[in-house]
Amino acid sequence: MSFKIPLFDLNFDHKEEDAVIETLRSKWISTGPKSALFEEKFAELLGAKYAVSLANCTVALHLAFKLCDLKSGDEVICPSLTFVATCNAILYTGATPVFADVESFERPVICPKDIKSKISPKTKAIVVMHYAGFACDMDEIMKLAEENNLFVIEDACHAPNSEYNGKKLGTIGHVGCFSFFSNKNLSTGEGGMLVTNSEAFYERTKLLRSHGMTTLSYERSKGHSTGYDVIDLGYNYRMDDIRASIGLVQLQKFENDLIQRAKVREWYEQELENIPQIIVPFKNHKEFVSNYIMPIVIEGVNVEKRDAIRKNLADNGIQTSMHYPAVHRFSIYADFYTHLPNTDDMVNQMITLPMYARLSNDDVKFICEKLSAAFYK
């Protein structure tokens, strides 16, 4: 189905095409100089010491948990209001996910009080997800982690360049994980980045992403080494230079894109004030935010009414979604189910509206007019 206003719009033009062609003509298309430069520029953007480019954010999360030496019997406190990869990566290590609730409709991020109540002798780590690009309460979470000797992993796939008390999200915990999937603010089609300020974590991540080998093919091709050893059980989790070249172009567009997204959110907040049934999470937030998605909560509706509103919007050419189905409700997580009242209510009443830099004020007014009218259909 073709929508008049899609959920997102890819910020690509001839510059990405030119970058790919240049990389193809260089005859080096696997992990090499473009990947290294992308890592350097991304770390610089965040003010982080180290960044390692990877195949996607899921493998970044997996490696993050490997860095924490998670194993069977360990527990990781995690949100349920997230994409399932956040929690799947815990299972990859044999550890157990322990789901914590979100704070509220107004702040649908993992709740520090619920985290505290679920810390046990088996807890090894906390993973947070900065929903829609808005920060969790990192001061309180880092305090809990320090008091209990826990690792903190930031799933910052929604939050490149978002800030918390002047710090970039993804740089506050022990490891930050980012996604460059096709619908993300900064896209390479597939791709991810692991960010850390720990030299030990950085060096081990480079080993783990490439089979545990001590040198990469590119290094050997340049004469920096003639052989290699394998000193860890690694994986094939590398990013290639084709995607890295796209990422470098996306970084050049990034600041302007985020500035325009902030304007789009302002327009939404103004228009949605006229619909009393709607709660806008993180309304009037003051710090810089990536504004990856535009979630709303329609207070008091059931799933059927919410879905009817979405269908009416679709009939008017407006694509919507809902981010996300609760992970603790999925069949594969039945053994880990726990009652999460705020999360359950949130996923039953939420809609994700279109969000991207090319949306105009008139587009936002049209969306909100049709949304208001849908209540009476």
Protection proxy ranking of 326-336, 240-250, 55-65 - average other beta-carbon atoms within 10 Å, highest first: 55-65, 240-250, 326-336
Packing-based ranking, highest mean first, of 229-238, 4-13, 36-45, 204-213 given that Cβ atoms within 10 Å are counted: 204-213, 36-45, 4-13, 229-238
Positive-end residue of LEU45, TYR228, GLY170, charge dipole of the chain with Cβ unit charges: TYR228
Within the stretch 46-112, GluC sites (Glu not before Pro) in DSSP loop having at most 12 other beta-carbon neighbours inside 10 Å: GLU106
Charge context of CYS68, other residues only, Cβ under 9 angstrom, K/R +1, D/E -1: 0
Debye-sum result for the stretch 255-374 in log10 I(q)/I(0), which assumes one identical scatterer on each alpha carbon, at q = 0.19, 0.23 Å⁻¹: -1.06, -1.37
Relative exposure of ILE110, ILE275, ILE172, judged by other C-beta atoms within 10 Å (fewest first): ILE275, ILE172, ILE110
Cα convex hull of the chain - mean projected area over all directions, nm²: 19.0
Size of electric dipole in the stretch 14-250: Cβ of Lys, Arg +1 and of Asp, Glu -1, about Cα centre, debye, nearest 20: 460
Separation of the ILE275 and ASN302 label points, Cα + 7 Å toward Cβ, nm: 2.1
Cα shape, the stretch 47-113, gyration tensor, a/c 1.5 rule: oblate
Estimated distance in nm for a label pair at ARG358 and SER198, the labels positioned 7 Å out from Cα along Cα-to-Cβ: 4.2
Which listed pairs, of LYS124/LYS167; LYS15/LYS184; LYS113/LYS311; LYS143/LYS167; LYS168/LYS311, have C-alpha distances above 28 Å, in listed order: LYS113/LYS311; LYS168/LYS311
Dipole moment magnitude, nearest 20 debye, the stretch 124-265 about Cα centre, only Lys, Arg, Asp, Glu C-beta charged: 480
R0 of 25 Å, Cβ-Cβ distance GLU17-GLU369: FRET efficiency to nearest 0.05: 0.10
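Throughout, read-outs are computed from the coordinates displayed, never taken from laboratory work. All figures in this text were calculated on a predicted structure; none of them were measured in a lab. Neighbour counts run over all protein chains shown; Cβ positions are idealised from the backbone, glycine included.
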